[in-house]
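The values are calculated or read from the model by the stated rules, or taken from the named source; none is laboratory data. What you see is a predicted model; the values in this text were computed from it and never measured. Here the Cβ is made from the backbone with ideal geometry for all residues, glycine too, and neighbour counts use every protein chain on show.
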Amino acid sequence: MTIAIIDYGMGNLRSVQKAFEQIGCAAAIITTPQQVRDAPALVLPGVGAFGTCYRNLDRQGLIEPLCAALRRGTPFLGICLGMQILFTQSEEFGSTPGLDIITGTVKRFQFHHNPGTAGRIKIPHMGWNTVHLIKQHPCLNGIADGAWFYFVHSFYVSPEDATVVATTTEYGGCVFVSSIAKDNIFACQFHPEKSQTVGLALLKNFAAFAEHG
Amino acid sequence: MLAKRIIPCLDVKDGRVVKGVNFVDLKDAGDPVDNAIFYDREGADELVFLDITASYERRKTMLTVVERTAAEVFMPLTVGGGVRNTQDIRDLLNAGADKVSINTAAVGNPILVQQAAEQFGSQCIVVAIDARRARQPDSENPAWEVFIHGGRTPTGIDAVAWARTVETLGAGEILLTSMDCDGTQDGYDIELTRTVSRAVTIPVIASGGAGSLHHLYEAFAEGEADAVLAASIFHYRAYSIRDAKEYLRRNGISVRL
């Protein structure tokens with residue numbers, strides 16, 4: 001099976017593709033609505049702005065086929081912005097609508113601290129942080145509670161339905177949802193393609209999940 | 001808890017590492033990809049390639065290096081050196097870099113930082129600041145001055161004010177090098193690091209001067225850095241990345257081990 005990585009002009013798809021190749025899994029970059037419809041498994045990577053992400057998907061005519069595939073049960077992996085866009089809306093620039101596959105909001109980290117003093121919490125949340133396992137999912141097979149993953153983001157997701165939460169992570173006193181799982185969908189805020197061995201293990205899990213469920 | 005990052009830096013000239021890992025196990029000490037694989041296995045948190053190739057034409061070599069590295073190493077890779085415009089940034093990102101570091105071009109054309117952040121996202125735009133302590137800081141002369149062209153040209157710009165400016169323009173991170181400390185192995189400029197780190201809300205990478213594990217500790221504990229960049233102490237195998245992280249953990253710094 002070939003995993004289809006959706007190219008909508010946001011983020012480094014090559015690194016995701018190379019990571020799949022590294023674990024012996026064929027991965028192709030796709031751009032058209034028909035390719036989305038035909039894909040046996042989809043990966044939506046992405047970094048950057050939420051609004052641009054939605055507009056680019058829209059411009060390529062990918063929103064309808066993507067939502068249809070998600071509802072139809074096509075195995076799906078969302079990474080970073082590719083997770084956030086699944087939500088109802090983002091607080092970025094007032095309020096920007098998302099795909100509304102998962103009910104909830106995307107919020108910006110907010111830390112109150114006086115400039116020039118010690119202990120400022122930096123935004124973006126950038127670097128390696130640990131994930132706390134909340135529920136089991138095939139994509140998390142063999143991933144230890146407290147495993148380190150690489151993050152880079154200023155916004156985080158807040159789902160209405162707590163049962164979708166797969167892992168949480170703490171940053172600057174804020175415990176946020178670092179991955180979600182619902183039926184055919186697994187999506188994470190961290191970057192498995194940049195998280196060395198543990199990240200490759202997660203991608204391998206997704207490939208197996210896509211193949212066998 | 002977010003870990004403090006340890007970032008080895010490799011100087012690359014014409015596609016070859018200039019000051020690489022001084023280590024017999026390495027197949028080819030001059031190959032940036034072999035060096036990257038080595039540091040990946042050692043548990044480095046990120047990697048920086050600094051292209052010091054003199055001629056612009058020969059910089060294409062760097063794209064091949066980045067491409068080969070990205071196929072082998074699955075950790076964040078920052079590439080800097082000679083980046084002039086958004087096309088250079090796009091080329092490096094497409095080759096597989098996760099972040100691109102801009103220095104001289106940002107000073108010459110600050111709008112480049114804004115355009116790059118808008119086009120590619122703040123998370124991949126690092127502004128490198130080379131700062132030198134002024135001999136007599138006063139109301140006219142800033143405490144630290146920004147230098148460009150690899151530290152050869154003074155600009156009269158206050159490094160702390162410049163850090164704030166690039167944050168406003170959309171930089172996602174600052175790579176802060178003390179020219180006074182660079183190469184001395186006497187420790188980072190703690191006061192500079194702390195002053196800049198407190199002046200902005202984006203992460204600050206301390207650079208220049210690491211000679212011992214205690215220096216790394218100081219950069220975090222006293223300099224309030226989010227990450228440290230080091231070259232010599234790792235390349236010459238004085239310490240491994242693991243030694244550094246174990247030392248930091250023993251001293252209460254959160255690291256990924």
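Below are the figures for this structure:
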| item | result |
| --- | --- |
| Pair list, Cβ under 9 Å, 6 or more apart: segment A:124-148 residue within 14 Å of chain B (Cβ to nearest Cβ), other residue in a loop (DSSP other than H, G, I, E, B) and of a type in the set (Lys, Arg) | A:Gly127/B:Lys4; A:Gly127/B:Arg256; A:Trp128/B:Arg256; A:Asn129/B:Arg256; A:Thr130/B:Arg256; A:Trp148/B:Arg256 |
| Residue in segment B:92-102 that is in a helix (DSSP H, G or I), among the charged types (D, E, K, R) and within 10 Å of chain A (Cβ to nearest Cβ) present | no |
| Strands (runs of 3 or more DSSP E) (entirely within segment A:1-79) containing at least 1 residues that are among the polar types (S, T, N, Q), in contact with a Ser or Thr (Cβ under 6 Å, 6 or more places away or on another chain) and free of Cβ contacts under 8 Å to residues at least 60 places away in the same chain | none |
| Options A:Leu81, A:Leu70: the member that is at pLDDT below 95 and of a type outside the set (Lys, Arg) | A:Leu81 |
| Filter result (hydroxyl-bearing (Ser, Thr, Tyr) and either more than 8 Å from chain A (Cβ to nearest Cβ) or touching a Gly at 6+ places or on another chain (Cβ under 9 Å) (or both)) within segment B:199-229 | B:Ser207, B:Ser212, B:Tyr217 |
| Output for segment B:118-171, where each listed residue is within 14 Å of chain A (Cβ to nearest Cβ), farther than 18 Å from B:Thr195 by Cα and not aliphatic (A, V, I, L, M) | B:Glu118, B:Gln119, B:Phe120, B:Gly121, B:Ser122, B:Gln123, B:Cys124, B:Gly170 |
| Sole exception among (1) under 16 Å from the mean Cα position of the chain (by Cα); (2) not in a strand (DSSP E or B) for A:Gln89, by number | (2) |
| Test: A:Ala181 is closer than 27 Å to A:Arg108 by Cα and away from chain B (no Cβ under 14 Å) | yes |
| Among residues of segment A:146-201, those that are part of a strand (DSSP E or B) and of a type in the set (Lys, Arg), counted | 1 |
| Hits in segment A:24-62 - residues which are of a type in the set (A, V, I, L, M, F, W, C), in contact with a helix residue (DSSP H, G or I) (Cβ under 7 Å, 6 or more places away or on another chain) and surrounded by fewer than 17 Cβ atoms within 10 Å (Cβ to Cβ) | A:Ile29 |
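Each row is one residue, and each column tells you yes or no for (1) more than 10 Å from chain A (Cβ to nearest Cβ); (2) at pLDDT 95 or above; (3) closer than 16 Å to B:Ala128 by Cα.
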{"site": "B:Asp11", "(1), (2), (3)": "yes, no, yes"}
{"site": "B:Asp34", "(1), (2), (3)": "yes, no, no"}
{"site": "B:Ile52", "(1), (2), (3)": "yes, no, yes"}
{"site": "B:Arg84", "(1), (2), (3)": "yes, no, yes"}
{"site": "B:Asn109", "(1), (2), (3)": "yes, yes, yes"}
